[in-house]
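Asks: Below you will find the structure I want to go over with you.
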Amino acid sequence: MDANSFFRVALPPVCGLGLLALLWMIVSSTMGQDIPGPRETWLQAVEVFRDPFYRNGPNDQGVGWNVLASLQRVAVGFGLAALVGIPAGFVIGRVEFLSRMLNPLISLLRPVSPLAWLPIGLLVFKGANPAAIWTIFICSIWPMIINTAVGVRRVPQDYMNVARVLNLSEWKIATTILFPAVLPYMLTGVRLAVSTAWLVIVAAEMLTGGVGIGFWVWDEWNNLNVKNIIIAIFVIGIVGLVLELVLIKLATAFTFEEVKT
Amino acid sequence: MSSSTIQRRGFLSAAASAALGASGGVWAAGSDKPEKEEVRIGFIPLTDCASVVMASVLGLDKKYGVKIVPSKEASWAGVRDKLVNGELDMAHVLYGLIYGVHLGLGGPKKNMAVLMGLNHNGQAITLSKALARKGAVDGPSLAALMRKEKREYSFAGTFPTGTHAMWMHYWLAAAGIDPMNGARLVTVPPPQMVANMRVGNMDGFCVGEPWNQRAIMDDIGITANTTQEIWKDHPEKVLGTTADFVGKYPNTTRAVMMAVIEASRWIDANSSNKMKMAETISAKAYVNTSVDAISQRILGRYQNGSGKSWDDPDHMKFFNDGAVNFPYLSDGMWFLTQHKRWGLLKAHPDYLAVARQVNQVELYRSVASAMNVSVPKDEMRTSKLIDGVTWDGKDPAKYADSFKIKA
């Protein structure tokens, strides 16, 4: 790497992180001992990550297990949402009547905070874990439906005219024309859904308890252990970032256009 | 479970009892065998979850043929939901919460059961340092300050029908403060109480230890009164479950009660056991706090955060020769009278009938006598509370209506 690209590529993010650390130090030194500084937090983080996969009974497990448990919930809820949401998006985008029928419903339900659905999930599924998965499902289904439907509607009319000339069946239209054309929109929906799901799981686990990074934060808050809360904030952020990067890689592999971060 | 395993189990236990004779194990003989071996017991990280945790840690559960799995819960509302939907078999739970669910007050309605008391005493009313600096260090001085400086004062409990909300209400009213008028009572989790008190949003709260000690250690609040000063040897947490569970798994229920009673006896036996308990439950898996925050008040060493310290003989008790664990009907009825007093109940319930349904007095008697734990003769007890009013369980409706300050 030459000096020029060093200044252009590597330096700005380092400056950003440095700024964060500086602000953090200022805040922690003005707040007295309430907010621990970067150094103490780093030492505690080394302690926490020395053994991220220990198991000491069901109520005390390493931070690694907690992250995995949360990711598992996200995967199940998100997977179910994709199974339902993407086909639903296709149908809504393709059939005018259904789109007019369901749009008001979607507009009504989409802005509701997913956590408001948690008590309903608890009542219906009679279990905390299915209820948490249900909130993930409900929060990640909307972006997938909406983006897929929009994608279907934006398929250039020329493509559809060609299909009509060739007298293609509806199935053939879906697989050879719609799907490739809609894919970039769909993947945008998927990315939006995953980042929302990751936001929501932390909040949902705070309420339901059990193993998971959200309850880990709650438990540390119960002891007002601020150092571990800050560590958890970084862990949650980094996992979210990794999820995002993986999906961007996936999106670039499937589409011709450049995917914006 | 498939039917073949049941048959094999039956065969094995029959073989075992045949081999061992009638005096086999403590529990294994014949029909006393627990129907369900693994029992999930929910707990909230507080000092008074100790007997449930110690029953599991000391292995007392295995002695009676069950395995207690303590499960840390996020909030009392979470405990309620998981008890109702069966995710938890039993819980370390607020006395009033069980009655609230039984009557369907502000939530799901399900027949519930109080198996035994887990502790007496050991909660406290904390007032903020800011109020203390203005001279409000107990009920009367708080009332004087609230008359002089009028604004909205915020106080907190941990669950609407729970014990802390009732102590908070009772304590305010005893000092002549109407909690329905001129004060705002909210339900918030303990850390939020502390955080809000730190920034001046919260004037007082009632909560279990170690939180009051913690407020003193963090220099944000003072202990105005301990709850044992409100009611000496007051009922607090209970071992609660659903009526369905007791009906379906009577032997399991008995076995768990025995293990928890034995753990309670062990904790109260001497101060070295208490220290061991404090070390165990302060771990990350349980209360997740420093040993100091627990050990001082558990031994009766109190300080109020503004210079006074004393030895309290009425510190948190887990056993007290069985007096703690007996599910007095009058204790259960008291929470109903307060629910009525503060408008959570719209009409007088049949106090005695409800208490008899919920509190498993007969079950407790048989368990306690099998363990040679002394059982009080009377199902009622008489106590004089902080305002000088005596509660003996005799005329609950009259008692509930007798208070000047009520909803």
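Asks: List the relative contact order of chain A as a percent without decimals, with contacts defined as Cα pairs under 8 Å and 6+ residues apart. Could the numbers behind the result be given before it?
Replies: Working: 275 pairs, mean separation 57.0, N = 261.
Relative contact order for chain A comes out at 22 percent.
Asks: Quick one: dipole size for the protein assembly as shown, taken about the Cα centre, charges +1 on Lys/Arg Cβ and -1 on Asp/Glu Cβ, in debye to the nearest 20.
Replies: Numbers: 64 positive and 54 negative charges, 206 e Å.
With Lys and Arg at +1 and Asp and Glu at -1, about 1000 debye.
Asks: Say the dipole of the protein assembly as shown comes from +1 at the beta carbon of Lys and Arg and -1 at that of Asp and Glu; which of B:ALA165, A:LEU192, B:MET257 then lies farthest toward its positive end?
Replies: A:LEU192
Asks: With equal scatterers on the alpha carbons only and no solvent term, can you work out the Debye log10 of I(q)/I(0) for the range A:174-261 at 0.11, 0.13 1/Å?
Replies: -0.44, -0.55
Asks: Sticking with this structure for a sec: Specify the residue with the greatest mean-square fluctuation among A:PRO130, A:PRO52, A:PRO104, computed from a Gaussian network of chain A linking alpha-carbon atoms under 10 Å apart.
Replies: Checking each option, the largest mean-square fluctuation is seen for A:PRO104.
Asks: What base-10 log of the normalised intensity I(q)/I(0) is obtained for the range B:91-163 from the Debye formula, alpha carbons as equal point scatterers, at q = 0.17, 0.26, 0.28 Å⁻¹?
Replies: For the range B:91-163 at q = 0.17, 0.26, 0.28 Å⁻¹, log10 I(q)/I(0) is -0.78, -1.16, -1.30.
Asks: Between the range B:314-337 and the range A:70-146, what is the separation of their alpha carbon centroids in Å?
Replies: 47
Asks: May I pose another question? Averaged over its residues, how many other protein chain Cβ atoms are within 10 Å of peptide B:284-290's Cβ atoms?
Replies: Partner Cβ neighbours, averaged per residue: 5.
Asks: Treating the beta-carbon of each Lys and Arg as +1 and of each Asp and Glu as -1, no other charges, what is the dipole magnitude of the range A:36-253 about its Cα centre, to the nearest 20 debye?
Replies: Values: 15 positive and 11 negative charges, 137 e Å.
That gives a dipole near 660 debye.
Asks: Based on Cα coordinates alone, diagonalise the gyration tensor for the range A:1-77, multiply each eigenvalue by 5, take square roots, and list the semi-axes in whole Å, largest first.
Replies: 32, 22, 13
Asks: A further question follows. Under 5 Å between amide hydrogens, which residues at least 5 positions from B:MET116 or on another chain qualify, with H placed 1.01 Å from N in the peptide plane?
Replies: Close amide H contacts, sequence-distant or interchain: B:LEU239.
Asks: Given the range B:277-407, what count of lysine pairs have C-alpha atoms under 20 Å apart, with each pair 8 or more places apart or on different chains?
Replies: Lysine pairs meeting the criterion: 16.
Asks: Still on this structure, please answer the following. Among B:ASP244, A:ASP60, B:ASP219, which comes first, second and so on when ranked by fewest other beta-carbon atoms within 10 Å? All intermediate terms of the calculation are to be shown ahead of the outcome.
Replies: On the way: B:ASP244 13, A:ASP60 16, B:ASP219 10.
Neighbour counts put them in this order, fewest first: B:ASP219, B:ASP244, A:ASP60.
Asks: Roughly what would the spin-label model give for A:LEU98 and A:PHE125, points 7 Å off Cα along C-beta, in nm?
Replies: Computed distance between label sites A:LEU98 and A:PHE125 equals 2.5 nm.
Asks: Cut-off under 16 Å on the C-alpha distance; same-chain residues fewer than 8 positions from B:LYS33 excluded. Which lysines are left, in chain and number order?
Replies: Within the straight-line limit of under 16 Å, B:LYS33 reaches these lysines: B:LYS62, B:LYS63, B:LYS67, B:LYS248.
Asks: Please build a GNM for chain A, connecting alpha carbons under 10 Å apart, and tell me which residue among A:SER107, A:SER169, A:SER195 fluctuates the most.
Replies: In the Gaussian network model the winner is A:SER169.
Asks: Scattering from the C-alpha atoms of the range B:163-235 alone, worked out with Debye: what is log10 I(q)/I(0) at q = 0.16, 0.19, 0.27 1/Å?
Replies: For the range B:163-235, the Cα-only Debye profile gives -0.57, -0.82, -1.44.
Asks: Count the DSSP beta bridges whose two residues both fall in chain B, then state the antiparallel fraction as a percent rounded to the nearest 5. Present the calculation step by step, with values, prior to reporting the outcome.
Replies: On the way: 27 of 43 bridges.
Antiparallel bridges make up about 65 percent of those DSSP assigns within chain B.
Asks: Let me ask something additional. Per residue of the range A:141-152, what does 6.51 cos²θ - 1.76 cosθ + 1.60 with θ = phi - 60° give for ³J(HN,Hα)? Whole Hz please, x for Gly and Pro, Karplus curve as stated.
Replies: 3J(HN,Hα) across the range A:141-152, in whole Hz: 6, 5, x, 6, 4, 5, 5, 5, 5, 4, x, 4.
Asks: Sticking with this one: Which residue, A:ALA88, A:PHE78, A:VAL67, has the largest displacement toward the positive end of the dipole of the protein assembly as shown when charges sit on each Cβ (Lys, Arg +1; Asp, Glu -1)?
Replies: My answer, from the dipole projection, is A:ALA88.
Asks: Stokes-Einstein at 37 °C, 0.692 mPa s, Kirkwood radius from Cα pairs: D for the protein assembly as shown in µm² s⁻¹?
Replies: Values: Rh = 28.1 Å.
Calculated translational D: 117 µm²/s.
Asks: Mind giving me the nanometre distance, one decimal, between the label points for B:ASP219 and A:LEU22, set 7 Å out from Cα along Cα→Cβ?
Replies: 3.1
Asks: Determine, for each peptide in B:334-340, A:6-12, B:245-251, the mean count of other beta carbons within 10 angstrom over its residues, then list the peptides with the highest first.
Replies: Highest-to-lowest ranking by the protection proxy: B:334-340, B:245-251, A:6-12.
Asks: Between B:LYS36 and A:THR175, what is the label-to-label distance in nm when each label sits 7 Å out along the Cα-to-Cβ direction?
Replies: Result for the modelled spin labels: 5.0 nm.
Asks: Starting from 0.36 nm per residue, how many nanometres of slack lie between B:ALA370 and B:MET180 once their C-alpha separation is accounted for?
Replies: Contour length minus Cα-Cα distance gives 63.7 nm.
Asks: Could you work out the helix-only [θ] at 222 nm for the protein assembly as shown, with each DSSP H run of four or more residues adding -39,500 (n - 2.57) and the total divided by the number of residues, to the nearest 500 deg cm²/dmol? Write out the running numbers ahead of the final one.
Replies: Numbers: 29 runs with 369 residues, N = 668.
Value at 222 nm, helices only: -17500 deg cm²/dmol.
Asks: Now for a separate question. Restricting to bridges with both residues inside the protein assembly as shown, how much of the DSSP beta-bridge set is antiparallel, in percent to the nearest 5?
Replies: Details: 28 of 44 bridges.
Approximately 65 percent, going by the DSSP bridge assignments.
Asks: What number in nm² do you get for the range A:36-253 if you take the convex hull of its Cα atoms and divide its surface by four? Mind dumping the intermediate values first?
Replies: On the way: hull surface 58.9 nm².
It is 14.7 nm².
Asks: Taking beta carbons within 10 Å but only from partner chains, what does the mean come to for residues B:69-75?
Replies: Numbers: counts 3, 3, 4, 10, 6, 12, 6.
Mean shielding by partner chains, rounded to a whole number: 6.
Asks: Continuing with this model, one more query. Once the cut-off is 39 Å, how many percent of the Cα-Cα pairs in chain B end up in the long-distance tail? Don't skip to the end; give the middle numbers.
Replies: Details: 14260 of 82621 pairs.
Considering chain B, 17 percent of its Cα-Cα pairs are separated by more than 39 Å.
Asks: Which value, in debye to the nearest 20, gives the size of the charge dipole of chain B about its Cα centre, when Lys and Arg are +1 and Asp and Glu are -1 at the Cβ?
Replies: On the way: 47 positive and 39 negative charges, 107 e Å.
Here chain B has a charge dipole of around 520 debye.
Asks: Hey, another quick one. What average count of beta carbons from other chains do you get within 10 Å of the Cβ of residues in A:214-226? Provide the component values of the computation, followed by the final result.
Replies: Working: counts 1, 3, 0, 0, 5, 6, 3, 5, 14, 11, 9, 4, 0.
Taking the mean over all residues of the peptide, I get 5.
Asks: Distance between Cα centroids, the range A:191-261 to the range B:131-196: provide it in whole Å.
Replies: A separation of 38 Å, based on Cα centres.
Asks: Further question: If you take the charge dipole of chain B about its Cα centre, with +1 on Lys and Arg Cβ and -1 on Asp and Glu Cβ, which of B:LEU83, B:GLY65, B:TRP266 is farthest toward its positive end?
Replies: B:LEU83
Asks: Here's another thing I want to ask about it. Only Cα pairs under 8 Å and at least 6 apart count here; give the relative contact order of chain B as a rounded whole percent. It would help to have the intermediate numbers written out before the result.
Replies: On the way: 767 pairs, mean separation 85.8, N = 407.
Relative contact order, chain B: 21 percent.
Asks: Pick from A:LEU207, A:LEU83, A:LEU166: which residue has the top mean-square fluctuation in a GNM of chain A where Cα pairs under 10 Å get a spring?
Replies: Looking only at A:LEU207, A:LEU83, A:LEU166, the largest GNM fluctuation is found for A:LEU166.
Asks: In addition: Just to confirm my numbers, what's the Cα centroid distance between the range B:213-263 and the range B:59-124 in Å?
Replies: Computed from Cα coordinates, the inter-centre distance equals 9 Å.
Taken together, the values in this text are just the output of simple stated rules run on the coordinates, not laboratory data. What you see is a predicted model; the values in this text were computed from it and never measured. Heads up, the Cβs are rebuilt from the backbone with ideal geometry, glycines too, and the neighbour counts pull from every protein chain shown.
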